[in-house]
Every structure is written in C-alpha cells, then in structure tokens.
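The values are calculated or read from the model by the stated rules, or taken from the named source; none is laboratory data. A quick note: this is a predicted structure, and the numbers were derived from the prediction, not measured. For neighbour counting, all protein chains shown are included, and Cβ atoms are generated from backbone atoms with ideal geometry for every residue, glycine included. Please note that ligands, DNA and RNA were not included when accessible areas were found on the heavy atoms of the full protein model with its side chains. Shrake-Rupley method; radii C 1.70, N 1.55, O 1.52, S 1.80 Å.
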Amino acid sequence: MSNSKSSLATPSVISDFKEITKMRLALSVVFSSLAGYLLGVETVDLKILILLAFGGYFMVGASNAFNQIIEKDLDALMDRTKSRPIPAGRMSVNTAFIIASVFTLFGIIILYTINKQTAMFGAISIFLYTCVYTPLKTKTPLAVFVGAIPGAIPFMLGWVAATDDFGIEPGTLFALQFFWQFPHFWAIGWFLFEDYKKGGFFMLPTGKQDKGTAVQTIMYTIWTLLVSIIPVFGFTGKLQLSIVAAIIVFILGLGMLNYAIRLFKDMTEKAAKQLMLASVLYITLIQIVYVADKFIK
C-alpha cells in the first residue's frame, strides 16, 4: 500500500517542481541563450554550451520560484494560477524559498565559470524580475517595460557567454527581444484581462482592452520587425544577416504584424491569443533563421 502511495505522489512532486520553476518557460529562455551563444562563438565549445544551458535554467527557475513566493496570495485569487503548488497548499513557502535560493546560487556559480559578465547579467536578470518587475505588476502598467529587460537578457547573454564582451552585437539581440516582449505580454494581458484583474495586476498600457492598447501593440510589433532586420545593413559588427535571411525574417515579422492588426480590428480575446501564439512562433523561428544563416553562408 505504501508503494502505491509513493508511486502516486512522485508524479505530483515532479509536476510541482516543474511548475514552481516554470520548466517550459525556462527551457524557451535556455533556447534563446543557446541561440545567442551560437551566433557569437567562432568554435562551438560543448562544455560552455552545457554550462550555459544549466546556468540559464537555474537562473530562470529561481526567478519564477521567487515570483510565486511573492505572489502566492494573489495567485490564489486567479483561475490561471490558483492551482500552483504554493496557493494550492502542495508546497510550503520555505520549500519554494530553498529551491529558489539553491537555483540562484547554482546559476550564478555556473555562469561565473563561463565568464564574469555572463554571471553579472544573469544576477541582474533575477534581481530585476524578482525585486522590481514582480512588485510593480500590481501598481503600474510600466511593469511590462521593467519586465522586458530581464526578458530580453537571455538572447544577448549567449553572445556574452561566447565572447566575454558586451557591444553592438549583443545590444542588438537585446533590443530585438526587448521590443518583442511588449506585443507578446500585452496579448497575454488582453486575453487574461479578467483573471489578471482578480489579482490586481496592471498589464495593458492603457489599463483597458481598447484601441489605445491595440495601437501600441502594433507599434511595438513594427519596432520588433525593424530591429530584426538591422543586421543585414552591416551596422552591427559581427552580427550579420544575408539578404535571403533578412527577407525571411521580414516575412515572419509581417506575419506577426498581421495578427497585431487583427487584434486592432477584432478587439477579441481570440485575436489576442492568436497574437500571443504568433509571437512565440516568431521569436523561435527568427532565432533559428539567425543561427542557420550564420552557419550556412
């Protein structure tokens, strides 16, 4: 009987661990970091690649765990989050804090073994996400601006890990993912508007599902599109795009822009959800195009 209970409990423990660290989100961030590394490196070092993957996962997992500790009472109010480990009572705050602290320590140490700048940017990411972005979410829509900074660090973090240098190249990668954050999170804020309101979160720039928010979503999508093709003009040092790759990236950007315009026209949660999915597909595909273009040409 005890074996039966243990076998039933194990998947729950694993599931809670995945949820407290937001494993799927963390893996997507790791993907961005690895893409940035491949763009910056001259010769791929498998050891550095593995260290970056684990260090990046620990840093993102720590941020997410700290976030859920801070927002535990608000998470209990929202349908989307009330079944998370802490508000649902399956994990104590102390346990979550230990996980977050250990992940922070391991993450910084691992990234430090790559180089000091990588560890520094990783630590800045945790600090901004946990100590600035999270508290601001219930106070001002400007929280999205602050949150876009740690959200944009992973892509450029990979380049810094590869080169131990911060210049125009990682700055461009940062700008690309920074502008992308706005349509992505505003789309989420739109279709989860009522649920966010239960927790007192202010995610939309105007505070409403209105034309003003939709227009700003279009504008930031355009900025994302423009930044994504800058490397084709030769202004960004070693970060370059061929004409063919730039055309592909531009077409992908137009696809995302189409969904942003559709949100403006329809003003529906369905359109917002479609934009969110399109934005995830967009950022994933252009990172693949960037990397493929470097190694194919």
Exercise for the section: Go through the stretch 91-123 residue by residue and tally those that are aliphatic (A, V, I, L, M), in a helix (DSSP H, G or I) and surrounded by 15 or more Cβ atoms within 10 Å (Cβ to Cβ). Expected result: 10
Practice task
Can you tell me which residue among Ala278, Ala260 is in contact with a Ser or Thr (Cβ under 6 Å, 6 or more places away or on another chain), open to solvent by less than 60 Å² (accessible area, probe 1.4 Å), at pLDDT 95 or above and closer than 14 Å to Leu225 by Cβ?
Solution key: Ala260
Exercise for the section: Among the residues of the stretch 61-76, write down those that are without any contact (Cβ under 8 Å) to a residue 60 or more places away in the chain and either among the acidic types (Asp, Glu) or open to solvent by 10 Å² or more (accessible area, probe 1.4 Å) (or both). Expected result: Ile69, Lys72, Asp73, Ala76
Handout entry: Hey, Asp79 in a helix (DSSP H, G or I), farther than 29 Å from Phe174 by Cβ and open to solvent by 20 Å² or more (accessible area, probe 1.4 Å) or not
Key = no
Fill in the blank from the handout: Pairing a residue in the stretch 211-228 that is buried (at least 24 other Cβ atoms within 10 Å of the Cβ) with any residue that is among the β-branched types (Val, Ile, Thr) and in a helix (DSSP H, G or I), where Cβ atoms lie under 6 Å and the two sit 6 or more apart in sequence or on different chains, gives Ser228/Val249; Ser228/Ile286
Practice task
Would you check if Phe235 is hydrophobic (A, V, I, L, M, F, W, C) and open to solvent by 60 Å² or more (accessible area, probe 1.4 Å)?
Solution key: yes
Problem - Lone qualifier among Lys265, Lys273 - being at pLDDT 95 or above, within 23 Å of the chain's Cα centre (by Cα) and either open to solvent by 70 Å² or more (accessible area, probe 1.4 Å) or closer than 25 Å to Phe295 by Cβ (or both) - result: Lys273
Practice task
Would you be able to say whether some residue in the stretch 161-170 is surrounded by fewer than 21 Cβ atoms within 10 Å (Cβ to Cβ), in contact with a helix residue (DSSP H, G or I) (Cβ under 7 Å, 6 or more places away or on another chain) and acidic (Asp, Glu)?
Solution key: yes
Practice task
Mind listing whichever residues of the stretch 14-69 are at negative phi and in a loop (DSSP other than H, G, I, E, B)?
Solution key: Thr21, Val41, Glu42, Thr43, Val44, Asp45
Fill in the blank from the handout: The correct count of residues that are more than 23 Å from Thr163 (Cα to Cα) and either open to solvent by 70 Å² or more (accessible area, probe 1.4 Å) or part of a helix (DSSP H, G or I) (or both) in the stretch 124-143 is 13
Handout entry: Any hit, the stretch 133-146, residues being of a type in the set (Phe, Trp, Tyr), farther than 21 Å from Tyr220 by Cα and free of Cβ contacts under 8 Å to residues at least 40 places away in the same chain
Key = no
Completion exercise
Note: among Thr217, Thr206, just one is assigned to a helix (DSSP H, G or I) and of a type outside the set (Asp, Glu), namely Thr217
Handout entry: Residue in the stretch 239-247 that is open to solvent by 30 Å² or more (accessible area, probe 1.4 Å), in contact with a helix residue (DSSP H, G or I) (Cβ under 9 Å, 6 or more places away or on another chain) and either of a type in the set (Gly, Ala, Ser) or modelled with pLDDT under 95 (or both) present
Key = yes
